[in-house]
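Input: a single structure, listed below in structure tokens.
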Amino acid sequence: MTSVSSGKSSTIIRTERGLTIAGTRITLYQLMDYICAGYPPKLIHNQFYITDEQFNAAMSYIETNRTEVEAEYQIVLQQAEEIRQYWEDRNRDRLAQIAGMPPKPERQAAWAKLQARKARLAVSS
């Protein structure tokens with residue numbers, strides 16, 4: 001764990017997970033998800049259970065080191081997509097097998113009702 005923020009109490013640290021708000025498991029990349037989606041700062045702050053000091057330090061760090069944080073964020077997004085694709089490929093056959101299984105006897109009535117509703121929605125579209 002390495003401190004990357006100056007001051008008497010480092011708020012942003014580098015861990016094995018990347019740039020993280022000290023004392024939490026919240027990474028700056030999680031904040032970047034909301035920033036890139038266009039959420040206002042107040043809404044982002046309310047999404048995470050952190051203090052005003054932690055939030056302001058994180059936003060300040062992101063603004064001050066925008067190029068570095070965005071470059072690391074793109075790497076994190078790429079890694080997440082590779083992991084998602086790996087598991088999707090790995091589970092494709094099993095998910096198809098599960099989808100092809102008939103419903104359990106105790107769920108057949110609910111299954112029939114669901115299928116009828118889907119059919120009605122398909123017709124009305």
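Observations on the model:
- Kirkwood-type radius of the stretch 62-125, with distances r between different C-alpha atoms, in Å: 16.1 Å
- Cα-based radius of gyration for the stretch 12-76, normalised by 2.2 N^0.38 Å, reads 1.00.
- Helix 52-64 and the longest principal axis of the Cα set of the chain meet at an angle near 80°.
- Of the residues 112, 73, 57, the one whose Cα sits farthest toward the positive end of the charge dipole of the chain, with +1 on the Cβ of Lys and Arg and -1 on the Cβ of Asp and Glu, is 112.
- With contacts taken as Cα pairs under 8 Å and at least 6 residues apart, the stretch 1-93 reaches a relative contact order of 19 percent.
- Cα→Cβ-extended label distance, 7 Å offset, between residue 10 and residue 34, nm: 2.4 nm
- Of the labelled figures [x] 44, 19, 14; [y] 19, 17, 15; [z] 24, 15, 14, only one reflects semi-axes √(5λ) of the Cα gyration tensor in Å as derived from the coordinates, namely [x].
- For peptides 106-112, 13-19, 31-37, sequence by mean Cβ density within 10 Å, most packed first: 31-37, 13-19, 106-112
- Here the Karplus relation 6.51 cos²θ - 1.76 cosθ + 1.60, evaluated at θ = phi - 60°, turns the backbone of the stretch 94-106 into coupling constants of 5, 5, 5, 4, 5, 4, x, 6, x, x, 5, x, 6 Hz, with x for every Gly and Pro.
- For the chain, the longest principal axis of the alpha carbon atoms and the long axis of helix 108-124 meet at an angle near 80°.
We did not get these values from a lab; they are worked out from the coordinates using the rules stated. Keep in mind that what you see is a predicted model, and the values were worked out from it rather than measured. Glycine gets a Cβ as well: all are built from the backbone with ideal geometry, and neighbour counts include every protein chain shown.
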